[in-house]
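Single-structure report; data block below.
The values are calculated or read from the model by the stated rules, or taken from the named source; none is laboratory data. Please read these numbers as outputs of a predicted model, since none were measured by experiment. Every residue, glycine among them, receives a Cβ derived from its backbone with ideal geometry; neighbour counts consider all protein chains shown.
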Amino acid sequence: MDHNIAKIRHDYNLKGLLESDLEPNPLNQFRLWFGEALSAGVTEPNAMTLSTLFNGRPSARIVLLKDLDSEGFTFFTNYNSKKGREIASEPQVALTFFWKEFERQVRIEGKAEKTSDQESSEYFAVRPRGSQIGAWTSYQSEVIENRAFLENRTKEVEQEFSGREVPRPPHWGGYRVIPDYIEFWQGRPSRLHDRLSYVRSEDGSWLIERLSP
């Protein structure tokens, strides 16, 4: 055992989380916690771990939340990427947010569905031009020879769209994760954390349950 790692400890003392604190709808509860993180200046509070599954093998990476509506959580990516191929094969995914400044974690499970072409195009239009160029440049998740290949490809794309707007690539767009399970975790002393989950019932209502830490 690496004792330097084993000795790393942090006791959580900031806040608690009671059933009486919760909004009836977990998306509204998420908005409250997200708003607190945003107001406090947490760096990239919209960063979330997206976990996917393919042939029984899990895969995870950080992506950015770009919209939250009454249906769920939206992010954008290359549909031909590893994550895109995995979602096409198995649309059940998980999202995880961790805001260490508030000693809070949110776990989300649900189904990922593509956003409409209109939604994808509207968001693509407001991205920085460099990011728009990058969406055309990158063969995301594919093996490339070296960094020079990427830089040369970028120059080619910049030249192709010089003097005009960059259109959205057909292989690029959004996914909305429609949740059926959301868990709110608040760190507490002695690892006796507060864990409150929302489970969606068949009629669309949410059942709130407390979980043992």
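Are any of the residues in the range 117-126 β-branched (V, I, T), over 30 Å from S197 (Cβ atoms) and at pLDDT below 95?
No: zero hits.
What about R168, is it buried (at least 17 other Cβ atoms within 10 Å of the Cβ) and of a type in the set (D, E, K, R)?
It is true that R168 is buried (at least 17 other Cβ atoms within 10 Å of the Cβ) and of a type in the set (D, E, K, R).
For the range 116-133, how many residues meet the condition of being of a type in the set (G, A, S) and in contact (Cβ under 8 Å) with a residue 40 or more places away in the chain?
Of the residues in the range 116-133, 3 are of a type in the set (G, A, S) and in contact (Cβ under 8 Å) with a residue 40 or more places away in the chain.
Is the range 178-194 home to any residue that is in a strand (DSSP E or B), among the β-branched types (V, I, T) and either surrounded by 17 or more Cβ atoms within 10 Å (Cβ to Cβ) or modelled with pLDDT under 95 (or both)?
Yes, the range 178-194 has at least one match.
Quick one: which helices (runs of 4 or more DSSP H) lie wholly within the range 1-113 and hold at least 3 residues that are more than 25 Å from P170 (Cα to Cα) and at pLDDT 95 or above?
26-39
Looking only at the range 166-190, count how many residues are touching a residue at least 60 places away in the same chain (Cβ under 8 Å) and of a type in the set (K, R).
Looking only at that region, the number is 2.
Being over 14 Å from the mean Cα position of the chain (by Cα), exposed (fewer than 12 other Cβ atoms within 10 Å of the Cβ) and charged (D, E, K, R) is the filter here; which residues of the range 7-63 pass it?
K7, R9, D11, E19, R57
Out of everything in the range 195-206 that is of a type in the set (G, A, S) and outside any strand (DSSP E or B), what residue ends up being surrounded by the fewest Cβ atoms within 10 Å (Cβ to Cβ)?
So the residue we want is G204.
Of everything in the range 64-87, what is acidic (D, E) and crowded, with 18+ Cβ neighbours inside 10 Å? Give them in sequence order.
E86, the sole residue that qualifies.
Looking only at the range 124-152, which residues are surrounded by 12 or more Cβ atoms within 10 Å (Cβ to Cβ) and assigned to a loop (DSSP other than H, G, I, E, B)?
The answer is R127, S138, Y139, Q140, S141.
Within the range 160-196, which residues are more than 18 Å from the chain's Cα centre (by Cα) and more than 30 Å from E119 (Cα to Cα)?
If the condition is that a residue be more than 18 Å from the chain's Cα centre (by Cα) and more than 30 Å from E119 (Cα to Cα), then Q186, G187, R188, P189, S190, R191, L192, H193, D194, R195, L196 are the ones that fit.
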